[in-house]
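Beneath this line is the structure, given in structure tokens, with notes to follow.
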Amino acid sequence: MTLAEKILARHAGLASVKAGQIVMAKVDLAFGTDVTTALSVEVFHRMGAEKVFDTHKLALVNDHFVPAKDVQAAALSKAMREFAQEQGITNYFEVGRSGICHSLLPDKGLVFPGDLIVGADSHTCTYGALGAFATGIGSTDLACAWALGELWFRVPESIKVVVEGRFGPNVGAKDLILKLINILTVDGALYQALEFTGSSIRNMSMDGRITVCNMAIEAGAKTGLIAPDETTWDFIRGVNPARLISNPASLDLDSDPDAVYSQVVHIDLDSLTPLVAEPYLPSNVRPIKEVTGIKVDQVVIGSCTNGRLEDFQVAAAIMQDRPVHPGVRLLLIPATPQILIALIESGLAARFVKAGATLSPPTCGPCIGGHMGVLAKGEVGLFTTNRNFRGRNGHPESKVYLSGPQVAAATAVKGVIADPNEI
Amino acid sequence: MPYEVLRGSVFRYGDSVDTDVIIPARYCTSFHAAELAPHCLEDLDPTFVKRVSAGDIIVAGYNFGCGSSRENAPIAIKGAGVACVIARSFARIFYRNSINIGLPILSAPEAVDGLNEGDIVEVEPGTGAIRNITRGGVWTADAFPAEIQSIIRAGGLVEYVQKRLASR
Ligand code: SF4
């Protein structure tokens, strides 16, 4: 079996499952955000359910439109807050203690290798970075998971992505995943799991793995998965020592040698350059050389894709205290309070702000065109986020280019899309 | 999902119609059909809501509904009066959400080739039969797996869970 099949089989109580099979499987975590939870609460009550299946296995996260951007957004958060109180949900995250769900929940120790996780947010696939099978669902499915503790899943085929070689200067995890989406296109992995393997994945930090698995859905995938290794267990040791187990091998979280894959894709990092995805699809990927010089109004470094500490450290190293270009607004959005604290305590926050950037509290904000930096008609943005669909980040005639933090930092300094190796 | 015959005229769009154009996040502070429907597809086709009548049918290419998990997307489409979406393929969360809220969706690549903007089309969601009344042509959509048919037969996921809870 593949790793995806093993996790689903275990949660369905079956000895084995095969791609294509539909199973009912028990979930370890079923979470929602301020945008999706209020509807789930309504549906939950409409289903006639009274109590959630396990008050510790839900997480309710304020991240998309917080701090509340308007009255309606405030009402959405309020509905979530009241549900958390009514049900006694232990993992309710309030503004100030909350962050972007896909960064917050792993850091809170709520994701464990081999877990089956569903979330009413499409980038739930991110948790595959820790070896969990995690996938996005809608609000009605979430209400069902809360009521029953289980949900139906179609066991996905897996695409094996073998990554070898070393990143060149100023090339990183985002460039790798953009390259893969360019190869597969936006629906090349539809209904399938992406399993990332190879020496370069083994050498990659947890922050990098999170960036890679986060964008699995941009190729249509149901989840992205990395089998746990020392990096994973080190991370767990830091965030959830209580759940650590003495013999990780007993979890059997490696694909079998005879596992069946629908496709094998090889990516060689040695030949990779910084990449940028042009509007309006994350698969419209170009080498940086082909897009340099495009004037940009706003640069955003943040989101569940690239809002972790490593991303800001990379950006700071490239900016080297050079001022933000006068024609550019540079918005920095740490994904969690812990990352914000690290930025403050390390002095990075002050250096960015002195350079002319602005620092936002943890939120999705401009990534979803909600608030904190929405684009006007005709404006151009370069964001480290994951989607650049028409109208996603503001006016339908605004444009967003996607990149990693390296290109974003170089662009913020230059005022035009710039190669981080040439500034 | 209703088993009666649907009949309406075709609104045709391309590949990867994403949830951000189906219903932009700026309207997703509401999940009520009446508030969402007036903005359905406005960033892709601002005339859609003015032209669509109850019972009309959206026909599109690959990967319809890609992007966000927002259930607001199928809710907006259903709320706009659309009776059914026929596409070459659907993004998976949109697919689940549509089944769950009772918006009939049919994956039928060949039918998409034979349906033009404005054609009158007849659809039987129960059997997957699709007929182009204007120009002729009959196709059958891919069947739903048995497990999903049982959810559809129960009347949607809400009813399915109600039954499960009642039998406990
Ligand atoms: S940061 Fe963007 S992509 Fe990530 S959860 Fe928030 S809105 Fe979605």
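Key figures for this structure:
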| read-out | value |
| --- | --- |
| Positive-pole candidate from A:404, A:65, A:17, dipole of chain A, charges at beta carbon | A:65 |
| Separation between Cα centres of region A:350-396 and region B:1-67, rounded to whole Å | 26 |
| Loop-resident sites, region A:222-303, for trypsin sites (Lys or Arg not before Pro), counting at most 13 other Cβ within 10 Å (DSSP) | none |
| 5 angstrom amide H check on residue A:400, placed H, neighbours 5+ away | A:381 |
| Antiparallel %, DSSP beta bridges [both residues in region A:276-422], to 5 | 20 |
| Electrostatic dipole magnitude of region B:6-166 [Cβ: Lys, Arg +1; Asp, Glu -1; Cα centre; debye, to 20] | 400 |
| Region A:246-402: C-alpha pair distances exceeding 25 Å, % | 41 |
| Neighbour-count order for A:199, A:250, fewest beta carbons within 10 angstrom listed first | A:250, A:199 |
| Zero-based 10 Å bins, Cα pair distances in region A:3-267, whole percents | 7, 31, 35, 21, 5, 0 |
| Square roots of 5 times each gyration tensor eigenvalue, C-alpha, region B:1-124, largest first, Å | 20, 15, 14 |
| HN-Hα J in Hz across region A:293-300 - Karplus 6.51, -1.76, 1.60, θ = phi - 60°, x for Gly and Pro | x, 6, 5, 10, 8, 9, 10, 10 |
| Per-pair calculated FRET efficiency, R0 = 30 Å: residue A:18 and residue A:245 via Cβ, rounded to 0.05 | 0.60 |
| Sequence-distant residues sharing a close amide H with residue A:415 (under 5 Å, placed H) | A:325 |
| Fewest-first sequence of A:254, B:56, A:187, A:234 by Cβ atoms within 10 Å of each Cβ | A:234, A:254, B:56, A:187 |
| Gap separating the Cα centres of region B:93-168 and region A:79-137, nearest whole Å | 31 |
| For region B:6-166, with +1 on Lys and Arg beta carbons and -1 on Asp and Glu, the positive-most of B:41, B:140, B:14 along the dipole | B:140 |
| Sites residue B:117 and residue A:266 - FRET efficiency at Förster radius 25 Å, r taken between beta-carbons, to 0.05 | 0.05 |
| Spatial separation of Cα centroids for region A:208-280 and region A:7-46, in angstrom | 21 |
| Residue B:45 versus residue A:55: modelled label distance in nm, points set 7 Å from Cα along the beta carbon direction | 5.0 |
| Residues with amide H under 5 Å from that of residue B:8, placed H, sequence gap 5 or more | B:121 |
| FRET E, pair residue A:317, residue A:75, Förster distance 45 Å, beta-carbon r, rounded to 0.05 | 0.60 |
| Among A:132, B:89, A:49 - extreme Cα towards positive end, dipole of the protein assembly as shown, charges at beta-carbon | A:49 |
| With eigenvalues of the C-alpha gyration tensor scaled by 5 and rooted, the protein assembly as shown, Å | 35, 28, 24 |
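Bear in mind these aren't lab numbers, they're just calculated from the coordinates by the rules spelled out. What you see is a predicted model; the values in this text were computed from it and never measured. Reconstructed Cβ throughout: ideal geometry from the backbone, glycine too, with neighbour counts over all protein chains shown.
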